[in-house]
Structure formats: structure tokens, C-alpha cells
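Just so it is clear, none of the values below were taken in a lab; they were calculated from the coordinates. What you see is a predicted model; the values in this text were computed from it and never measured. Using ideal geometry, Cβ is built from the backbone for each residue, glycine included, and neighbour counts are taken over all protein chains shown.
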Amino acid sequence: MNTQELALVIYTILVQMSVGAFVILGLVHLYAERKSDQKNADEMSDRALLAIGPVVVLGVVASFFHLGNPLNAFRAINNLGTSWLSREILFTVLFVVVGAVFAIFQWRKIGSYRLRQLIALLAAVLGVAVVYSMASIYQLTSQPAWNSLATPITFFTTAFLLGALALGVAFVVNYYILQRKKDAANIEIQSEMLRTVLQWIAIGSIVMLGLQLVVVPLFISQLSAGSAAAVESAGKLTGDFGWIFAIQLILVALGAGVFGLFLYRNALLNNQRMMTNYVIVAFALVLIGELLGRYLFYAIHVRIGI
């Protein structure tokens, strides 16, 4: 894999993870506010919100290494009417900008609560548009390995699977910080909310894993019954890159499935130490697995024709 394709792997994974984390964080904040109050909800979510920013910025920076001349990056935005690449760039910039505005408003408590909610909703919609645009770029008839429903499904499952587990790590780190703050919101309420949220993260991870495990064999079957280029891509996936494919599946299954079950059980039992360990390990395994999966996405494609 060359530097440009490696940059795409990092860019797509980090930005998709950031989008998934942002959307899920909004849902968690709504739950926490209804469970307790706005102060406790903010105590739980504000640090996680600020952690998303550096990740998405790192992803955007990585994308510049895909370009032959990074100085010409913004010229690609000139074809919004016909190019999904132009739309992806526009939506990414808007997601970063609107997300940053929301983070500043939320952290500094600028404006009304309703205004901040509207800004967050706009950022979430833009984030979903980013992932959809990313997937649409690859819907090319000349690329049978990409021109499949598996592409948008995989991109969105990656976003929400990685986003959820990344938030799980952020939440447990935030909880330990709150334990050491004298002026923290009610720590018992925070503990109860953390347990519930980690249970839902574990359930969501298992569901996303199940969806991926359904899509993968259907995708391979589709390629195997397709054109010569499609058959060649299937051969690469199960042959030349078969060992990477196997490792990728094992890592994601272990992280989202096995450790997801462990996380759910220990969240039910309120075993905080083990909850922390399991969510960190689950995230690490899934992150490595998704990076390998995105590497395969670019490695197995075969173009029809010249």
C-alpha cells in the first residue's frame, strides 16, 4: 500500500469514528439529562465532546497526504453539482466547523440550551452526510468491489461501532476524573449512568458486529458471482489477503463480541475496574480490526477495463 492509500485509511477511519462518536454522544447526553439533570449530563459528556475534536482534525490532516499537491485541496470543492468528492470535502469542513462551534458553546455555556441543541443537531446531520458522501464516492461501476451496498453499510457500521467504543473509553476516563474532583456532580448518579451507558454500548457493539457478519459473506458471494474483475477481487480477499482478512474478522469479533459480552456483564455487576479494562481492550481490538478492514477495502479492488 502506498502513502496515499494509507492516508485514506487513516482519514476515513478517524473521521467516521468521530462522526459516530458525536451522534452517539448526543443521544447519551439526552439520556443523562432525562435520568438526572443538565449539570450531571454535562459532567458526563463535556470531556468526551472535546476529545472528538483532535481525532477528527488528525483525520483531516491525514487526508492531505492523499493529494499530489495539498495546496490545491480546496479546488476539489468546485464540482458540488456532480462530484461526491466535492460534497464530501464540503460536508467534512462544515462538520468540523459546526462541531467546533458547538464544542465552544457547550464548554463555555454560550447561548441558550436550545440553541446549543440545534447546533449539535446540525453538526450530527452534517456528520452523517460526510459518511454517506464517502461511501457514494466509491459507488463506481468500474470498481465492482466498491460498487456494492456493502460499502455504505460497512462505512456506517464502522462509524457507530468505533464511535461507541471510543466513547466508552472516554466515559470511564471521565468517571475517574470526576471521582477525584471535590466539586463534581453526584458521583453515585454518574456511576449509575456510566453503567447503563456501557451496557448500551456493549449491546450496540454486538449488533454492529452481527450486521457486519451478515454483510461479509453476502459481499463475497456477490463478488464471486460477478464479472471477471469482481471474481478477481474475491480471490484477493480470500486468497492473497486471506490471512489479513481472517485476523481482521477475529479482532473485530473478539472486541465487539466477546469483550462486548464481558463489558455488558460487568456493567450489570457494577465491577468498575473490569468495566474499564474490557471497554479499553474492546476498543483497541476493534480499532486495529477496522484499520485492517479498510486496508483490505483498498487492496482488493480491481478496475473493469483500463
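Normalised by the number of residues in the chain, the average gap of Cα pairs under 8 Å and 6 or more apart makes the relative contact order 23 percent. Label-to-label distance for Ala228 and Phe64 is 4.3 nm, based on points extended 7 Å past Cα in the beta-carbon direction. Taking the Cα centre of the chain as reference, the dipole from Cβ charges on Lys and Arg (+1) and Asp and Glu (-1) amounts to some 540 debye. Against the main long axis of the alpha-carbon atoms of the chain, helix 150-179 sits at an angle near 30°.
Positive-end ranking of Gly53, Leu296, Ile153 along the dipole of the chain, with charges on Cβ about the Cα centre, is headed by Gly53. Between helix 187-224 and the chain there is an angle of about 10 degrees, using the helix long axis and the longest principal axis of the Cα atoms.
In this simple spin-label approximation, Thr82 and Ser191 carry label points 7 Å from Cα along the Cα→Cβ vector, and these lie 6.3 nm apart. What shape does segment 3-299 take by its C-alpha gyration tensor, where a ≥ b ≥ c are the square roots of the eigenvalues and a/c under 1.5 counts as rounded, a/b above b/c as prolate, and the rest as oblate? Because a/c hits 1.5 or more and a/b fails to exceed b/c, segment 3-299 counts as oblate. Across the chain, the longest run free of exposed loop sites, meaning trypsin sites (Lys or Arg not before Pro) lying outside DSSP classes H, G, I, E and B with no more than 14 other Cβ atoms within 10 Å, spans 183-302.
If r is the Cβ-Cβ distance from Val214 to Asn270 and R0 is 25 Å, what FRET efficiency results, to the nearest 0.05? Using R0 = 25 Å, I get an efficiency of 0.15. Over segment 144-224, what is the relative contact order in percent, taking alpha-carbon pairs closer than 8 angstrom and at least six residues apart? Averaging sequence separation for qualifying contacts and normalising by length gives 50 percent for segment 144-224. So for segment 210-306, taking the charge dipole from beta-carbon charges (+1 Lys/Arg, -1 Asp/Glu), which of Ile280, Gln248, Asn266 sits furthest toward the positive end? My answer, from the dipole projection, is Asn266.
Under the convention that each Lys and Arg Cβ holds +1 and each Asp and Glu Cβ holds -1, the size of the dipole of segment 188-306 around its Cα centre is about 40 debye.
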